[in-house]
Amino acid sequence: MLNQPSKSAEDFFNEYGIRTTRSNLLTNDEMSLSEHIEEFNQRLIFCLIMLTIFTAGCFFDIKAIVQVLQAPAIGIKFLQFGPGEYFFASIKIALFCGLVTSSPLLIYQLLLYVIPGMTKNERKILLPATIASGILFGLGLIFSYFFLVPAALKFFIAYGADVVEPFWSFEQYFNFIAVLIFSTGLAFQVPIIQIVIGFLGIISGKSMLNVWKYAVVIATILSAIITPSTDPITQILMSGALLTLYFGGSLFLIICNK
């Protein structure tokens, strides 16, 4: 009887092709507090090492990354307004890109740590939700880079073009891009939140569709908060994307009879 829960956990890992080094998972039902802390520290150190490696790799290829980030700003000349501005901005860019590129590995380590302590039903929801969350986050980054960023930059470049010359600080430009891209990736997690709530039986998909008027208001407010710019085009695009995701998540729950 004592070995049955461990067998279920092992079957779960084998089913999804996940391997773990947690020996206690296969031998004991419970781990002591010290063992949990020790494993957490080991996985945390491993994640920090991986993040450092990915960040260093991005820093060594920083020129190519900078060119990609500058591409939407057509016709803009970037200036360095202080000593070391470009250098420190390069470090932030490398850290940002290192975090994004290493996030699948970091999330994988988190899953290995939390899954053994979850029930079978929770595991069935967690893994698909995590995969879908990663896909939606990536789609959010792509949507922001190819649609939101160009729309925002076009608005700012055109506004007052006959009055001032568009010379921008590179660091401020990156801060603007990073906030917009990352916040869009987080905003694209709306369907995941809906699905989790729906499968937990808190709110049904039909109930979500019935309150669509409130969803429109909330999407408008969130788009104004998420986007660092104040131009209407970017906010309309963001609110439109949020509503599309919201209705998509609601319809998915209805199809699943949730």
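Pick out, from Q194, P72, G134, the residue whose Cα sits farthest towards the positive end of the charge dipole of the chain, with +1 on the Cβ of Lys and Arg and -1 on the Cβ of Asp and Glu.
Value computed over the given set: Q194.
Based on the Cα gyration tensor of the chain, what are the three equivalent ellipsoid semi-axes, each the root of five times an eigenvalue, rounded to whole Å and given largest first? Don't skip to the answer; put the middle values down first.
On the way: eigenvalues 319, 156, 27 Å².
So the three semi-axes of the chain are 40, 28, 12 Å.
Do you know the relative contact order of the stretch 189-258, to the nearest whole percent, from alpha carbon pairs under 8 angstrom that are 6+ apart? Don't skip to the end; give the middle numbers.
Details: 59 pairs, mean separation 37.9, N = 70.
Relative contact order of the stretch 189-258: 54 percent.
Which ³J(HN,Hα) values in Hz, rounded to whole numbers, follow from the phi angles of the stretch 143-158 under the Karplus curve 6.51 cos²θ - 1.76 cosθ + 1.60, where θ = phi - 60° and Gly and Pro get x?
Along the stretch 143-158, the couplings run 4, 5, 5, 8, 10, 5, 4, x, 5, 5, 5, 4, 5, 5, 5, 6 Hz.
Quick one: Cα centre-to-centre distance for the stretch 165-231 and the stretch 134-156, in angstrom?
12
For a quick check: sort R43, R123 by the number of other beta carbons within 10 angstrom, fewest at the front.
On the way: R43 17, R123 20.
Sorted ascending by nearby Cβ count, the order is R43, R123.
Could you sort the peptides 63-70, 178-185, 50-57 by per-residue average Cβ neighbour count (10 Å cutoff), highest mean leading? Display every interim value, and only then the final one.
Numbers: 63-70: 12.9, 178-185: 19.9, 50-57: 15.8.
Taking the mean over residues of other Cβ atoms within 10 Å, the ranking is 178-185, 50-57, 63-70.
Which lysines does K206 reach when only Cα atoms under 21 Å apart count, and residues fewer than 8 places away in its own chain are ignored?
The reachable lysines, counting only those whose Cα sits under 21 Å from K206, are K258.
Please arrange L253, L136 by how many other C-beta atoms lie within 10 Å of their C-beta, fewest to most.
Values: L253 23, L136 19.
Listing L253, L136 from fewest to most nearby Cβ atoms yields L136, L253.
Output the lone cysteines of the chain: those with no second cysteine's C-beta under 4.7 Å from their C-beta.
Cys with no partner Cβ under 4.7 Å: C47, C256.
Report Rg(Cα)/(2.2 N^0.38 Å) for the stretch 88-211, keeping two decimals. Let's see the in-between values first.
On the way: Rg = 19.4 Å, N = 124, 2.2 N^0.38 = 13.7 Å.
That ratio works out to 1.41.
In angstroms, what radius of gyration and Dmax does the stretch 189-258 have, counting Cα atoms only?
Calculated on Cα positions, Rg and Dmax stand at 12.8, 40 Å.
Give me the lysines in straight-line cross-link reach of K77: C-alpha distance below 24 Å, same-chain residues under 8 apart excluded.
Qualifying lysines at Cα under 24 Å: K63, K92, K154.
Determine, for each peptide in 195-204, 233-242, 89-98, the mean count of other beta carbons within 10 angstrom over its residues, then list the peptides with the highest first. Can you show the working numbers first?
Working: 195-204: 15.0, 233-242: 20.4, 89-98: 18.6.
In decreasing order of mean packing, 195-204, 233-242, 89-98 become 233-242, 89-98, 195-204.
Quick note: the coordinates plus some simple rules give every number you see, no bench work behind them. Since the structure is predicted, the reported quantities are computational estimates derived from the model, not experimental observations. Cβ sites come from the backbone with ideal geometry, for glycine too, and all protein chains shown count toward neighbours.
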